[in-house]
Amino acid sequence: MSNFDRRSVLKAGLGGAALLAGPGIVPVRAAEWTNVPEANASIRVLRWKQFIQAEFDKFAEQTKKFSEKTGVKVKLEAESWEDIRPKAAVAANVGAGPDLIIGTLDDPHKFPEKLIDMTDVADYLGAKYGGWYPVAERYGKKGNSWIAIPQGATGGCLNYRISHVKAAGFDEFPKDTAGFLKLCQALKKNNTPAGFALGHATGDANGWCQWALWAFGGKVVNDKNEVVIDSPETIAALEYVKELYATFIPGVLSWNDSNNNKAYLNGELSLTLNGISIWTVGKNSTDPKQQEIAADTNHAPMPIGPVGVPTEQQNVLVAYGYKHSKYPKAVKEYIKFMWDKENYDAWEVSSNGYVSPPLPAYNDNPVWTSDPKITPFRDCLKRSRDNGFAGDLGYASAAVMGDFVVVDMFAEAASGSATPKQAAARAAERAKRYYQV
C-alpha cells in the first residue's frame, strides 16, 4: 500500500504555490485569472488512452467535478496515441471535431494557426507554481505565444528484473552505454534477454531510439534546421544499437507500445524502456506470477553516452484547443481546473506517478517518495530534450517524428536490411522532404 493519503497531498498543494523557480526553470510574472466560461458551454475532449485504469478513472472523476462546479458539459473520449495524431490533423484541416485534444509531442506545431492562444493559461499556471521546465516550454510555445499546455510526460525509464541483473554479474544498474551493452549481452547469455520496440511505437520506440542517436552526438538537424543526420556520430549510434539488437528477444521489429508490457509481465524479458505502468499493473494484479515480477522490478534512467550528459526523449503530453470551438473560454477553464495543483496531485496519486510533471512545484507530491521504485520517474523532464533537437519545433520536427524516420533508421541498421551508412543516408533523404519545403 502507498504511504500517503489525500490529506498529505493537500498539504503538498499548499506548499507548491510558494515554490521559487529553481535553476533552469522558466520564471513567469504573477498573473490573475479572470477567465469566465461561456454560458451553456459544452466541450468535447479527446485524450490519450490509459495504460493505468485508475489514472483514467480519476481524470474522469475530476472532469465531472469540473462540470459540477462550472456548469460546462464535457464529453470525454480516449484514443491511442497513434490514432489521436491523424484525428488531430483532420480536426485542424476541416475546422470541426474535438474542442480540446490532449495528445503528444509537437503535433500542435503542425497547425499552430488553427489553435487557441493559451498564453494566459500558461502564464497563470507558471506564475502560481514557480515556472515551467524549459523542455515543457519548448513544446508549449510557438514564438512568444503558447499554443499548448504541457500535461507532463508519460515518463520512460528502464524497467529491469533485479534478480536477473544480479545474476548477470551487476550489483548496480550500469550508468553508461558501455556498461549497458555488457549487461544486455550478459542477460542474453543467461536466456533472460532485453527487448526494446523497433516498430512504430510512439512512446517506446521513439524514446529509446532518439536517446541512442543523441547519446553518441547524432541529431536530425543542427541549430539552423539543416539536416545533418548522415554523420559519423549517427553511424556510431547505429553500430552500437546493432550490437544491442543482437541481444534482444525476437520480434521487436513489429512491436507497438503495448508489446513490451505484455512480454515483460509474461516473464519473457528482463529489461525494457517503459513508463511505470508495467510495475503498477503487475503490483495490482491478481496473478501471483505478475505480482512476483513486479516485486522483482526496479527502474533506472537511461545510461549516459559518449556526449557525457543525459539525452533522453520523453513522450511529452500536450493539451491544445481549436479555434473552431464555440467555447474557447470553457476550454481554457477546463485546463486551468485540471492543472490546478490540488487536482493534478490527486490525479498523479491515482496514476501512481505515471506522468512526470511539467512544473517543478508538482515534484513535492508524496507519490514520488512513497516508494523508491517510483522516484526515477519524477525527474524525466529534467533529463529530456525536445524531439526537434537541435533545431526548432514545428511542422518538420513533428512530421519526422510522426513518420518514424529515426526509428526506421535504427530498425534497418539493427536488423541488417541496410548498412548503418545506407540507413543514415536514407533517413537524411526522408528528413529533407520535411525540412526542405
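Looking only at residues in the range 124-167 that are among the hydroxyl-bearing types (Ser, Thr, Tyr) and part of a strand (DSSP E or B), which one is surrounded by the most Cβ atoms within 10 Å (Cβ to Cβ)?
The residue in question is Tyr160.
Just to be sure I understand the filter: pairs with C-beta atoms under 6 Å, separated by 6 or more residues or on different chains, first member in the range 327-346 and hydroxyl-bearing (Ser, Thr, Tyr), second member not in a helix (DSSP H, G or I). Which pairs pass?
Listed by first residue and then by second, the contacts come to Tyr327/Glu38; Tyr327/Ala41; Tyr327/Ile43.
Scan the range 416-436 residue by residue and report those that are touching a helix residue (DSSP H, G or I) at 6+ places or on another chain (Cβ under 8 Å), open to solvent by 70 Å² or more (accessible area, probe 1.4 Å) and either in contact (Cβ under 8 Å) with a residue 12 or more places away in the chain or within 24 Å of Asp392 (Cβ to Cβ) (or both).
Within the range 416-436, Lys421, Arg426 qualify.
Would the range 343-350 turn up any residue that is small (Gly, Ala, Ser), open to solvent by less than 10 Å² (accessible area, probe 1.4 Å) and touching a helix residue (DSSP H, G or I) at 6+ places or on another chain (Cβ under 9 Å)?
no
Considering only the range 237-265, state which residues are touching a Pro at 6+ places or on another chain (Cβ under 8 Å) and either open to solvent by 40 Å² or more (accessible area, probe 1.4 Å) or of a type in the set (S, T, N, Q) (or both).
Answer for the range 237-265, where residues must be touching a Pro at 6+ places or on another chain (Cβ under 8 Å) and either open to solvent by 40 Å² or more (accessible area, probe 1.4 Å) or of a type in the set (S, T, N, Q) (or both): Glu239, Lys242, Thr247.
For the condition under 30 Å from Lys75 (Cα atoms), out of contact with any Asp or Glu (no Cβ under 6 Å at 6 or more places or on another chain) and charged (D, E, K, R), what is the one hit in Asp371, Asp340?
Exactly one residue qualifies, and that residue is Asp340.
So which residues in the range 349-402 are part of a loop (DSSP other than H, G, I, E, B) and of a type in the set (A, V, I, L, M)?
Val355, Leu359, Ile374, Leu381, Ala390, Leu393 - these are the residues of the range 349-402 that are part of a loop (DSSP other than H, G, I, E, B) and of a type in the set (A, V, I, L, M).
Taking the conditions exactly as written (modelled with pLDDT under 95 and open to solvent by less than 10 Å² (accessible area, probe 1.4 Å)), does Ala361 satisfy them or not?
It is false that Ala361 is modelled with pLDDT under 95 and open to solvent by less than 10 Å² (accessible area, probe 1.4 Å).
Do we find a residue being in contact (Cβ under 8 Å) with a residue 60 or more places away in the chain, of a type in the set (Gly, Ala, Ser) and crowded, with 22+ Cβ neighbours inside 10 Å anywhere in the range 226-234?
no
Among Phe4, Phe59, which is at pLDDT 65 or above and either within 30 Å of Ser145 (Cα to Cα) or part of a loop (DSSP other than H, G, I, E, B) (or both)?
One residue alone meets the criteria, Phe59.
Where the second residue is basic (Lys, Arg) and the first is touching a residue at least 40 places away in the same chain (Cβ under 8 Å) and lies in the range 251-277, which pairs have Cβ atoms under 8 Å and are six or more apart or on separate chains?
Ser270/Arg161; Leu271/Arg161
Tell me, which residue of the range 168-181 that is among the acidic types (Asp, Glu) and out of contact with any Pro (no Cβ under 9 Å at 6 or more places or on another chain) is least open to solvent (accessible area, probe 1.4 Å)?
Glu172
Looking only at residues in the range 86-123 that are aliphatic (A, V, I, L, M) and open to solvent by 10 Å² or more (accessible area, probe 1.4 Å), which one is nearest to Ala398 (Cα to Cα)? First the steps, then the outcome.
Residues of the range 86-123 aliphatic (A, V, I, L, M): 88-92, 94, 96, 100-102, 105, 115-116, 118, 121-122.
Add one more test, that the residue is open to solvent by 10 Å² or more (accessible area, probe 1.4 Å), and what stays is 89-90, 94, 96, 116.
On the way: Ala89: 12, Val90: 15, Val94: 20, Ala96: 21, Ile116: 19 Å.
So the residue we want is Ala89.
Filtering the range 55-84 down to residues that are within 23 Å of the chain's Cα centre (by Cα) and open to solvent by less than 30 Å² (accessible area, probe 1.4 Å), which residue is nearest to Lys114 (Cα to Cα)?
Top of the filtered list is Ile84.
Could we say that Val407 is within 13 Å of Asn206 (Cβ to Cβ), of a type in the set (Val, Ile, Thr), surrounded by 23 or more Cβ atoms within 10 Å (Cβ to Cβ) and under 19 Å from the mean Cα position of the chain (by Cα) here?
Spelling it out, Val407 is indeed within 13 Å of Asn206 (Cβ to Cβ), of a type in the set (Val, Ile, Thr), surrounded by 23 or more Cβ atoms within 10 Å (Cβ to Cβ) and under 19 Å from the mean Cα position of the chain (by Cα).
Check the range 185-195 and report whether any residue there is surrounded by fewer than 24 Cβ atoms within 10 Å (Cβ to Cβ), outside any loop (DSSP other than H, G, I, E, B), in contact (Cβ under 8 Å) with a residue 60 or more places away in the chain and touching a Pro at 6+ places or on another chain (Cβ under 6 Å).
no
May I ask you to say which residue of Gly169, Gly203, Gly199, Gly218 is within 24 Å of the chain's Cα centre (by Cα) and without any contact (Cβ under 8 Å) to a residue 40 or more places away in the chain? Working first, answer last.
On the way: Gly169 fails: within 24 Å of the chain's Cα centre (by Cα); Gly203 fails: without any contact (Cβ under 8 Å) to a residue 40 or more places away in the chain; Gly199 fails: without any contact (Cβ under 8 Å) to a residue 40 or more places away in the chain.
Of Gly169, Gly203, Gly199, Gly218, the one residue that is within 24 Å of the chain's Cα centre (by Cα) and without any contact (Cβ under 8 Å) to a residue 40 or more places away in the chain is Gly218.
Scan the range 286-304 and report the pairs whose first residue is in contact (Cβ under 8 Å) with a residue 12 or more places away in the chain and whose second residue is open to solvent by 40 Å² or more (accessible area, probe 1.4 Å) and among the aliphatic types (A, V, I, L, M), with Cβ atoms within less than 6 Å and a gap of 6+ or a chain change.
Hits for this filter: Asp296/Ile162; Asn298/Ile162.
If you go through the range 366-378, how many residues are buried (at least 17 other Cβ atoms within 10 Å of the Cβ) and under 19 Å from the mean Cα position of the chain (by Cα)?
Residues flagged as buried (at least 17 other Cβ atoms within 10 Å of the Cβ) and under 19 Å from the mean Cα position of the chain (by Cα) within the range 366-378 amount to 7.
The values are calculated or read from the model by the stated rules, or taken from the named source; none is laboratory data. Computed from a predicted model, the values in this text were never measured in an experiment. Here Cβ is always computed from backbone atoms with ideal geometry, including for glycine, and neighbour counts include all displayed protein chains. In case anyone asks, the SASA skips ligands and DNA or RNA and just uses the protein heavy atoms, side chains included. Shrake-Rupley method; radii C 1.70, N 1.55, O 1.52, S 1.80 Å.
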